[in-house]
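The structure appears right after this line, and notes come after that.
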Amino acid sequence: MKLQAVREGRVVRLTVSGCDAIDNANAAKVKAEALRLLGDAPDVVVDLSGVEFLDSAGVGVLVGLFKNSRLHGGRARFCGLSPGVRSVLELIQLDRIFEIYDDVQTAIRS
Amino acid sequence: MSDNERNRTAVGGTGEALPDLVELCRIHEIGLDLIGRSHDVDELLDQVLDEYEARLAALPSDALDARSGGPRPESARKLRGLVMFASQAAALKEKAVVASELKRRAAALEEANARLVAALEEAGRSRARLDGVLAALSSGIMILGADGAFLTANAAARDLAGAKDDTALARLIAHGVPRESEAEIDLPTSGGTRRTLLVARRAMPGDPESEVVLVTDVTQRNRAVEERVRLEKLAEVLRTLSVLSHKINNPLTALLGRAQILQARKSDDPNIAKAAAVIEDASIRIADLIRELAQVVRDGRQDAVDELLDMSVATPAMEKRQ
């Protein structure tokens, strides 16, 4: 599992790669590493194009990132959702709460 | 689709059509408790998200895994509770967006209001400075509105016009001077003399309906102009007298010389001697007159010139009578 944070203007792009799923097995590590990389950056775009599956712990990571951005007065945006990830977010209605975009550039420009 | 319909659709795969009533009541109470603890939409959203996160953490890890054949009944109940909070959080987020926009607009309004207040204060200070300048001016300034209606005037304008009230002052200006022109108005003063005012009516820059009227006391200036014209005329008369006296003096000297020669010859004809004496006397008188004239030219006095001219005019007639 690899996380990479790159600043693009006022936005920090966080890319998750090297693992198909964020689940109970790696969620705590992913969340801790993501929060460390993001620091107090308020505006974040999370690129999930490398993630195929989320369980409840994985969803908890995304909720944690969403709350972290709100805490710093900014916005967290999510993009590159696979059909499996999108269906999980729709099932528990997080698609109504999160800002979801098709790709990174659209998310950054929004 | 309503939230309830959406909830039923979302968890329909669990096999249960309605959420458990006890759990529903509990969620309702939690929601009321959260609302009671916060009146700020953003803060409330954070609290609902905290509750959502806590419930998410309580879900079995396979509850969201479609591959496992759907959640077990206990997981389905928790999932329904989670979805209820998601609905609340979604509604709160929409309100938070609206509240944020309202706050942004309120802040913009407040900022615009602050700028407006600052501009009004600056306008007030500018007005005070302008009033100070107008009050300090010795020239009178009046502002007329549409149709020559009086708006304001400085103290100098009132003093110069001697008008008892502003309406009378405006009427005096409007009747005496056409728009976009200037003219002199003669006014009696309280001391019995007359005062001449130069009144200029000009369109107000930026507000063509209004006019600015400049009132200047030109009494002294007119007197000065008259005095200058008089002095110029006097100078011209003196110059002419100077030339005349110089030109008369030369033939007069010859005339006097010849008369004295005729007297010195002791002619037998008494008429010649008498005529020579008369010519000599007249020549001497003319010479005296020219000396006086030269003195007047040197002094440059108007009254002396007048006296001399009167005498010059009177002399031939008097001699003729003699």
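When the range B:212-234 is filtered for residues that are touching a residue at least 40 places away in the same chain (Cβ under 8 Å) and farther than 26 Å from residue B:143 by Cβ, the ones remaining, listed by number, are B:230, B:234. Within the range B:196-211, residues that are closer than 22 Å to residue B:160 by Cα and in contact (Cβ under 8 Å) with a residue 60 or more places away in the chain sit with their Cβ atoms under 9 Å from residues that are part of a strand (DSSP E or B) and of a type in the set (Ser, Thr, Tyr), at 6+ positions apart or across chains, in these pairs: B:204/B:210. For the range A:33-48, filtering for residues that are modelled with pLDDT under 90 and small (Gly, Ala, Ser) leaves 2. Annotation: residue A:1 fulfils all but one of (1) out of contact with any strand residue (DSSP E or B) (no Cβ under 6 Å at 6 or more places or on another chain); (2) of a type in the set (A, V, I, L, M, F, W, C); (3) touching a residue at least 12 places away in the same chain (Cβ under 8 Å); (4) buried (at least 19 other Cβ atoms within 10 Å of the Cβ); the unmet one is (4).
For residue A:101, the criteria (1) away from chain B (no Cβ under 12 Å); (2) in contact with a helix residue (DSSP H, G or I) (Cβ under 6 Å, 6 or more places away or on another chain); (3) without any contact (Cβ under 8 Å) to a residue 24 or more places away in the chain hold in every case but one, which is (3). With respect to the conditions (1) at pLDDT 70 or above; (2) surrounded by fewer than 14 Cβ atoms within 10 Å (Cβ to Cβ), residue B:89 lacks only one, and its number is (2).
Of the helices (runs of 4 or more DSSP H) contained entirely in the range A:18-110, those carrying at least 1 residues that are crowded, with 21+ Cβ neighbours inside 10 Å and of a type outside the set (Gly, Ala, Ser) fall at A:27-38, A:56-71, A:83-91. Residue pairs whose Cβ atoms lie under 6 Å apart, sitting 6 or more positions apart in sequence or on different chains, and linking a residue in the range A:42-67 that is more than 7 Å from chain B (Cβ to nearest Cβ) and over 19 Å from residue B:47 (Cα atoms) to a partner that is of a type in the set (A, V, I, L, M) and in a loop (DSSP other than H, G, I, E, B), are A:48/A:81.
Taking the range B:230-246 as the search range and keeping residues that are surrounded by 11 or more Cβ atoms within 10 Å (Cβ to Cβ) and charged (D, E, K, R), which one is nearest to residue B:298 (Cα to Cα)? So, considering only residues that are surrounded by 11 or more Cβ atoms within 10 Å (Cβ to Cβ) and charged (D, E, K, R), the one nearest to residue B:298 (Cα to Cα) is B:239. Which pairs turn up if I take residues in the range B:108-126 that are touching a residue at least 12 places away in the same chain (Cβ under 8 Å) and look for partners that are loosely packed, with under 10 Cβ neighbours inside 10 Å with beta carbon separation below 9 Å, at least 6 apart in sequence or on another chain? Once the first residue is touching a residue at least 12 places away in the same chain (Cβ under 8 Å) and sits in the range B:108-126, no partner that is loosely packed, with under 10 Cβ neighbours inside 10 Å comes close enough. Listed by position, the strands (runs of 3 or more DSSP E) enclosed by the range B:112-204 that each have at least 2 residues that are surrounded by 10 or more Cβ atoms within 10 Å (Cβ to Cβ) and modelled with pLDDT under 85 are B:150-153, B:182-188, B:194-204.
Against the condition at pLDDT 75 or above and within 14 Å of chain A (Cβ to nearest Cβ), how does residue B:10 come out, does it pass? No; evaluated as a whole, the condition is false for this residue.
The values are calculated or read from the model by the stated rules, or taken from the named source; none is laboratory data. Predicted, not measured: the structure shown is a model, and the values here were computed from it. When we count neighbours, we look across all protein chains shown, and the Cβ atoms used for this are built from the backbone with ideal geometry, even at glycine.
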